[in-house]
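The structure under discussion appears below in the form of structure tokens.
The values are calculated or read from the model by the stated rules, or taken from the named source; none is laboratory data. Since the structure is predicted, the reported quantities are computational estimates derived from the model, not experimental observations. So basically every Cβ, Gly included, is an ideal-geometry build from the backbone, and we count neighbours across all protein chains shown.
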Amino acid sequence: MVTQGAMTVAVLAGVLGLAVYAVPHAGPEWAYGEEVDPTTVADSGDAPLALPPGVDAVPGVPGVPGSFPSEEPGTESGGPTGADPVLQDWAASLEEPLGISARALQAYGHAEMVLKSARPACRLAWTTLAGIGSVETNHGTTGGTSLAADGRPAKPIRGPALDGTNGNGAHPDSDGGELDDDTTWDRAVGPMQFIPETWDRWAADGDGDGVRDPNDIDDAAVAAGHYLCADNRDLSRAADWYAAVFSYNHLDTYVREVYARADDYGKRSKSPRS
């Protein structure tokens, strides 16, 4: 019997083989960040993408129109996210056509560059992170908030209590309410919606400010990148990309939605702009 997940992997493999701008790469659910053994996800026969995810749209690919030069980060963060004027210009040029704030785009692009250096075999693209950020919190704006210059939402973003109701997993408090302000149950936190116990393992300092904060989109984007690249995944492979996004939220519909948004961002990022 073919499972829905197996069918989706096959569909992704076929679509990715045709979609020049497809960017399958980079996920937690309201019970997010629960790890999934990738061997439990059906394999599609390892059908490759026509091109590595986002190869003609992602930042960090020298010589590609609309991208910017790659960095060789010497630290976990590769330096402050806002310190690179080329990254800033790239993000500003895509803010209007993509409908994503330049501040969020800077974080996604910077995270790709950090992972390009730290885990080059993973081939993570910014568009996958953008797809996840869109589904999770509309790039840090859910509930009417917005990202401040430091990358943190003006108002804290918290998911519902993970008390085992409404389809959520049961996650008793694991951090004394330090991150999620709930001393009874865990809640997903910040723009990329990490639960405290997952953040404890994957926390990153994405902007080089010396603090690892899931509320900071720079930190959260880099942490999400490492999370997606776990288990030696190569996100240019349809099965690995599926496993990575499925690990973020264990729903086939979630994977499909992230794919649709990531692919759309990839295509629109390469559309002619005045």
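The set of residues from the stretch 243-253 being crowded, with 18+ Cβ neighbours inside 10 Å, assigned to a helix (DSSP H, G or I) and out of contact with any helix residue (DSSP H, G or I) (no Cβ under 7 Å at 6 or more places or on another chain) comprises just one member, SER247. Residue by residue through the stretch 169-187, note down the ones that are buried (at least 17 other Cβ atoms within 10 Å of the Cβ), touching a strand residue (DSSP E or B) at 6+ places or on another chain (Cβ under 9 Å) and in a loop (DSSP other than H, G, I, E, B). Matches in the stretch 169-187: HIS171, ASP173, LEU179, ASP180, ASP182, ASP186, ARG187.
Within the stretch 207-231, being surrounded by fewer than 24 Cβ atoms within 10 Å (Cβ to Cβ) and closer than 16 Å to LYS116 by Cβ holds for HIS226, CYS229. Go through the residues of the stretch 127-137 one by one and say whether even a single one is touching a helix residue (DSSP H, G or I) at 6+ places or on another chain (Cβ under 8 Å), in a loop (DSSP other than H, G, I, E, B) and within 29 Å of ALA91 (Cβ to Cβ). No, the stretch 127-137 has no match at all. Within the stretch 188-242, the set of residues being under 15 Å from the mean Cα position of the chain (by Cα), over 22 Å from HIS171 (Cβ atoms) and assigned to a helix (DSSP H, G or I) comprises ILE217, ASP218, ALA221, VAL222, GLY225, ASP240, TRP241, TYR242. When the test is whether a residue is among the polar types (S, T, N, Q) and modelled with pLDDT under 95, THR128 passes it.
How many of the residues in the stretch 111-126 are in a helix (DSSP H, G or I) and under 20 Å from ARG268 (Cβ atoms)? So the answer is 3.
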